[in-house]
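Here is the structure we will look at.
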Amino acid sequence: METRKEITLKEFIDTNSHLLSAMAALTALFAFVGKLPISWLNSILSFLFIGGIVIVLIEINSNTPKEKERSWRLDLFHLVLLLGMWGTIAYWLLLYRTFWNMFLWVPLWVLLTFSYYSTTKEMVENLRFLAGLPRIKKILELPIAKKILNAINCILKPFIKAYKLIIILFSLISAIYFSIPINLILTGIDKFTH
């Protein structure tokens, strides 16, 4: 029985040093622009740099190995990273209430579109798995079955495009709908903390 080697914190940091350096640079830039005398430029740049930090944190988190492959130090680092990421997102959402009141629907729309699309893609992959089963594979290799499948594909192409459009529109409507109560909650939290 072969034992799996745990990935240490040092190996993880060595592997992701470019991302960690990018996060450090964005954090330094965020701190620097906080001192700018032009307040509107300060706000815009601060917002963008926090967004960059969040993106890098999400990328570092996605590069973290599975729980069984991590050393306890890497496990602890991952926990700190997760808490830092969620804390940064909360800070970003609460600090820039004016912006998020108008545009929170945009990241929600992207998130919902991706989740709806990936869910349906997984369902299609499960159907393709069925086509690989021996008995079904034999049936699909028959000449008549190939002709039927080609005809079905020709018929389904416009429906697939329409389905993608429906996912995009449904995600947009859902994002706008959900952004209203989320913004109310975040504004309440912001007022409570000040």
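Dipole orientation for the chain: of the candidates L112, I53, I166, I166 has the Cα lying most toward the positive pole (charges on Cβ; Lys, Arg +1; Asp, Glu -1). Considered as an equivalent ellipsoid built on the Cα gyration tensor, the range 24-112 has semi-axes of 28, 17, 10 Å, the largest given first. Summing Cβ point charges (Lys, Arg +1; Asp, Glu -1) relative to the Cα centre of the chain gives a dipole of roughly 840 debye.
Quote the FRET efficiency, to the nearest 0.05, computed for L41 versus N63 with a Förster distance R0 of 25 Å and r equal to the Cβ-Cβ distance. All intermediate terms of the calculation are to be shown ahead of the outcome.
Numbers: r = 33 Å, r/R0 = 1.32.
Here the calculated transfer efficiency is 0.15.
Each of N150, S21, N42 was placed along the dipole of the chain (beta-carbon charges, centred on the mean Cα), and the one lying farthest toward the positive end is N150. When each of H78, H194 is scored by the number of other beta-carbon atoms lying within 10 Å, the sequence from fewest to most is H194, H78. The mean of 1/r over all distinct Cα pairs in the range 47-91, once inverted, gives the Kirkwood hydrodynamic radius of 11.0 Å.
Output the 0 to 90 degree angle, nearest 10, between the alpha-carbon long axis of helix 72-95 and the longest principal axis computed from the alpha carbons of the chain. The angle comes out near 70 degrees. Computed from the Cα positions only, the extents of the chain along the three principal axes stand at 74, 52, 27 Å, in decreasing order.
To test your reading of the geometry: what angle, between 0 and 90 degrees and rounded to tens, separates the Cα axis of helix 17-33 from the longest principal axis of the chain? Between helix and principal axis, roughly 40 degrees. Only helices enter the 222 nm calculation for the chain: every DSSP H run of n ≥ 4 contributes -39,500 (n - 2.57), and dividing by all residues gives -29500 deg cm²/dmol, rounded to 500.
Between I180 and D75, residue separation times 0.36 nm minus the direct Cα-Cα distance comes to 34.2 nm.
Bear in mind that the values in this text are calculations on the coordinates, not laboratory data. This one's a predicted model, so the numbers in the text were calculated from it and none came from an experiment. FYI the Cβ positions are ideal-geometry reconstructions off the backbone, even for glycines, and counts take in every protein chain you see.
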